[in-house]
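Data block below; observations after.
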2 protein chains.
Amino acid sequence: METMRRTKIVDVLKSTDFGATVNVRGWVRTHRSSKAVDFIALNDGSTIKNVQIVVNTSTTDEQTLRQITTGSCLSVTGTLVESQGKGQSVEIQCKDIKIYGLCGSDYPMQKKGQTFEYMRQYGHLRLRTNTFGAVFRIRHHMAIAIHQFFHDRGFFYFHTPIITASDAEGAGQMFQVTTQNLYDLKKDEKGKIKYDDDFFGKMTSLTVSGQLEGELGATSLGQIYTFGPTFRAENSNTPRHLAEFWMIEPEVAFIDLNDLMDLEEDFIKYCVQWALDHCQDDLEFLNSMIDKTLLERLRSVVSGSFKRLTYTEGIDILKEAVAQGHKFEFPVSWGMDLASEHERYLVEEHFKRPVIMTDYPKEIKAFYMKLNDDNKTVQGTDVLFPQIGEIIGGSVREEDYGKLMEQIEERHIPMKDMWWYLDTRKYGTCPHGGFGLGFERLILFVTGMQNIRDVVPFPRTPKNAEF
Amino acid sequence: METMRRTKIVDVLKSTDFGATVNVRGWVRTHRSSKAVDFIALNDGSTIKNVQIVVNTSTTDEQTLRQITTGSCLSVTGTLVESQGKGQSVEIQCKDIKIYGLCGSDYPMQKKGQTFEYMRQYGHLRLRTNTFGAVFRIRHHMAIAIHQFFHDRGFFYFHTPIITASDAEGAGQMFQVTTQNLYDLKKDEKGKIKYDDDFFGKMTSLTVSGQLEGELGATSLGQIYTFGPTFRAENSNTPRHLAEFWMIEPEVAFIDLNDLMDLEEDFIKYCVQWALDHCQDDLEFLNSMIDKTLLERLRSVVSGSFKRLTYTEGIDILKEAVAQGHKFEFPVSWGMDLASEHERYLVEEHFKRPVIMTDYPKEIKAFYMKLNDDNKTVQGTDVLFPQIGEIIGGSVREEDYGKLMEQIEERHIPMKDMWWYLDTRKYGTCPHGGFGLGFERLILFVTGMQNIRDVVPFPRTPKNAEF
């Protein structure tokens, strides 16, 4: 029996081959004893559902059985039978149990109903719980959906560098990367640190975005997308910030603002629909345990079209709301960056659906966005979602060399190490655009979880690099 | 005409809708003039093939036409016609040309036949050449194949952290990650740098492998794989080393050595077969321009089974070869690490096919590999490939807490920050194993390229972090 091939629990639960002998392996979720039989709920991570093992106590060694507590790891061989119990179609009548590993009473995940904060201390073991099993199976599915979406449409997956010597976007504080001996830093006569002997011969950091390199990919391969880790060294201890997170950044040659909005909307609907199609059990669990409006919210995103409007139209609606007596904390005026309260008003109260906002004042957007003919607004496009706020930020890029240089100079952006970026506008420049999506933001939306630390296996946050 | 929808060149070339008006957009590869017509070869990155644009010089503005040089970016509208020329089935009779961007005679990719070394200086523009277009389309396809392979088999994609505070594997020199002001480093009374104020409150580095965290995933979700960047701060200026590269590391609960070897062989054959099935045009180009034995080598890998043998058997074969007069630079004896010449002898001369070698002396392998009953060898498994050498390194992991601790103590491995790893052996330990594949090694094999810097868009190597 020992060498019998294992069947995954997700497959066992779908089987109707009653009477067959099967072997399952996994971890004990619960172990209950009654008079003549014990019930062991076994989970192997392949599905949120456990398979119930029915053990005849008269034919099984009592000593062995007593050791099997929550968290133990077993190999069980037995007969697949139709279940009489509620909520399950099959169970296994145990013929043989092999113990791979027992689990002491100090097992941190023993008790049910621990807080997420408590579980975060045990990032390695919380993965064995229903909630985190569900979250990380869904995370997998969202990654697969993303690759499938772009692959089907002829995009090429493009690996932009993690270690970078440029910080043109100035998107935030960066982590420095070095191999220098910090006890013996070389300095020049003015006391400035010399990077000649550092690994790359210059000061380097962890990337905050792959977009600029992504543009190099798009202006040669046509359509690319990145999907990799990005970093922000911001000291923000909030449920929305990670120091290390994954970003998806598609970039497309020959795209205009309308096609870009179509791409954004198609993309995010595809991902949400994928979750609804492939993660039913996990979503139902989260809907019942974490957020009762989760499924309803997911379905509403895929069923209607997103409202598209310009920033200027958005400001007018907000001003009208103020005139009608709506109170915002921050005053509304053209030129301001929308605060979360403004975005939520538009999405959740006014339109009651996702919003794509475009044509923002150039002053509040990045230097590379394409300037409109009004000389005041740029072709930026943000997708605003209920609860999450901005889930996608994108733009058509300025492809005109002269106009781009004007923006760079106006903003005093250091372009010393950026000659390669400007080259794309010099040699056969082309209209192009793209967007960025924070992967963990998407996972928050799709799982209904509230804290971004609970949708990445091992979060990196200020003072925390555990595991 | 301006707003006509663009068709990708890969689709235009497959079309038989002769007489239809189409719009294509891309970059000029060549522009030849003859008496009555000009020929422009246009490429948009969607395929290695160009579409030929036939321009009637009598109806097109000569001034405009003369500006269109190699590298220029165009939008061309015209009639799809059957081609009379060799090597192409369709061409486009031009009705309208719009110039997006001209390209000066200083365009670095103007000349054909530049060396790869020259092109490496122009990482942003080499992407527009045939060779690098082919390499990076194949790179995309290999990434998709990897996700498809694991997804189809119920593995979950698992994001292990990039920034880490642990270095238990000691796999190599690491890059330090810090937000400290290097001009004002805090030190304690003994002169030791204090990391309390650093972002994570301790010394942190870039990961060299996701395996240890991957094991946490496998011992809860059952089967996971990583696919992300890893880093080595080795000062190795060779065609085989990168400071930043991508690794794939699957990890599987309840797997034994035989199943692990099956997984390795199935996996790599799946990837190579995917390339043969999906990248025909690009592979044919590389086979004719880069390596005339490429296709033959790829086909041979998928057609036969890999030779499986133990390290001890391998040593015996090498000793026999020496006895028969074969000269190796390094002497052959049991206990040594195989050199490249030994691996190549076994793979290329003795067996003439890929080899999976197992059961290595414990002294030359990592602490976490499962010890055999002989107490001398461990269940490591390397896949050795022609030309490439080791393409996969894997093992069954030691799941016994006591035995694992013995290995850790014997090797004096600092486990201070590794309590979470040991916990997996404490709470419901399970047999498990996995392997690692360097993504760029796979791309080298599949493309026939010789230098690893030419299979990643923007290589990171000593003294080089350009782009």
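The values are calculated or read from the model by the stated rules, or taken from the named source; none is laboratory data. Owing to the predicted nature of the structure, the values given are computational and were not obtained by experimental measurement. Neighbour counts run over all protein chains shown; Cβ positions are idealised from the backbone, glycine included.
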Qualifying positions in the range A:442-467 - in the same structural domain as residue A:299 (by the TED database) and without any contact (Cβ under 8 Å) to a residue 60 or more places away in the chain: A:444
Going by the structure shown, is residue A:48 touching a helix residue (DSSP H, G or I) at 6+ places or on another chain (Cβ under 6 Å) and either under 26 Å from residue B:154 (Cα atoms) or of a type in the set (Gly, Ala, Ser) (or both)? yes
Taking strands (runs of 3 or more DSSP E) that do not extend beyond the range B:1-108, which have at least 3 residues that are closer than 27 Å to residue A:258 by Cα? B:21-33, B:73-82, B:90-101
Restricting attention to the range B:445-467, report how many residues are part of a helix (DSSP H, G or I), in contact with a helix residue (DSSP H, G or I) (Cβ under 6 Å, 6 or more places away or on another chain) and of a type in the set (A, V, I, L, M, F, W, C). 2
I'd like the residue in the range B:445-467 that is surrounded by 23 or more Cβ atoms within 10 Å (Cβ to Cβ) and of a type in the set (A, V, I, L, M) and, out of all such residues, is nearest to the other protein chains (Cβ to nearest Cβ). B:465
Residues of the range A:411-446 being closer than 22 Å to residue A:382 by Cβ and not hydrophobic (A, V, I, L, M, F, W, C), in sequence order, are A:411, A:431, A:432, A:433, A:434, A:436, A:438, A:440, A:441
Taking the stated definitions as given, is residue A:255 more than 10 Å from every other protein chain (Cβ to nearest Cβ), crowded, with 21+ Cβ neighbours inside 10 Å and among the β-branched types (Val, Ile, Thr)? no
Determine whether the range A:156-171 contains at least one residue that is among the aliphatic types (A, V, I, L, M) and more than 7 Å from chain B (Cβ to nearest Cβ). yes
If you take the residues of the range B:286-323 that are under 19 Å from the mean Cα position of the chain (by Cα) and surrounded by 17 or more Cβ atoms within 10 Å (Cβ to Cβ), which of them is nearest to residue B:48 (Cα to Cα)? B:286
Answer with yes or no whether residue B:429 is assigned to a loop (DSSP other than H, G, I, E, B), hydroxyl-bearing (Ser, Thr, Tyr) and at pLDDT 95 or above. yes
What pairs come up if the first residue lies in the range A:350-370 and is closer than 18 Å to residue A:298 by Cβ, the second is of a type in the set (Val, Ile, Thr) and assigned to a strand (DSSP E or B), and their beta carbons are under 8 Å apart, counting only those six or more places apart or on different chains? A:354/A:383; A:355/A:383
Taking the range B:32-50 and keeping residues within 13 Å of chain A (Cβ to nearest Cβ) and among the hydroxyl-bearing types (Ser, Thr, Tyr) leaves B:46, B:47
Residue A:55 fails exactly one of (1) closer than 18 Å to residue B:253 by Cβ; (2) among the β-branched types (Val, Ile, Thr); (3) crowded, with 22+ Cβ neighbours inside 10 Å, namely (1)
When every residue in the range A:311-334 that is among the aromatic types (Phe, Trp, Tyr) and not in a helix (DSSP H, G or I) is compared, the one nearest to residue A:359 (Cα to Cα) is A:334
Subset of the range B:97-141 that is within 11 Å of chain A (Cβ to nearest Cβ) and of a type in the set (Lys, Arg) - its residue that is surrounded by the most Cβ atoms within 10 Å (Cβ to Cβ): B:139
Based on what the data block shows, is residue A:265 touching a Ser or Thr at 6+ places or on another chain (Cβ under 9 Å), buried (at least 19 other Cβ atoms within 10 Å of the Cβ), of a type in the set (D, E, K, R) and away from chain B (no Cβ under 12 Å)? no
Within the range B:245-289, track down each residue that is of a type in the set (Gly, Ala, Ser), in contact with a His (Cβ under 8 Å, 6 or more places away or on another chain) and closer than 30 Å to residue B:461 by Cα. B:275
With the structure loaded, tell me whether residue B:426 is within 14 Å of chain A (Cβ to nearest Cβ) and either hydroxyl-bearing (Ser, Thr, Tyr) or buried (at least 17 other Cβ atoms within 10 Å of the Cβ) (or both) or whether it fails that test. no
I need a count of the residues in the range B:273-282 that are touching a Leu at 6+ places or on another chain (Cβ under 9 Å) and either surrounded by fewer than 21 Cβ atoms within 10 Å (Cβ to Cβ) or hydroxyl-bearing (Ser, Thr, Tyr) (or both). 2
By residue number, the members of the range B:195-216 that are facing chain A (nearest Cβ under 10 Å), touching a residue at least 60 places away in the same chain (Cβ under 8 Å) and among the polar types (S, T, N, Q) are none
Could you tell me which of the residues B:438, B:393, B:402, B:434 is of a type outside the set (A, V, I, L, M, F, W, C) and without any contact (Cβ under 8 Å) to a residue 12 or more places away in the chain? B:402
Output for Cβ contacts, cut-off 6 Å, separation at least six or different chains, first residue at the interface with chain A (Cβ under 7 Å from one of its Cβ atoms) in the range B:221-250, second of a type in the set (Gly, Ala, Ser), reads B:221/A:45; B:222/A:45; B:222/A:46; B:222/B:253
Flag if residue A:408 is assigned by the TED database to the domain that holds residue A:436 and within 23 Å of the chain's Cα centre (by Cα): no
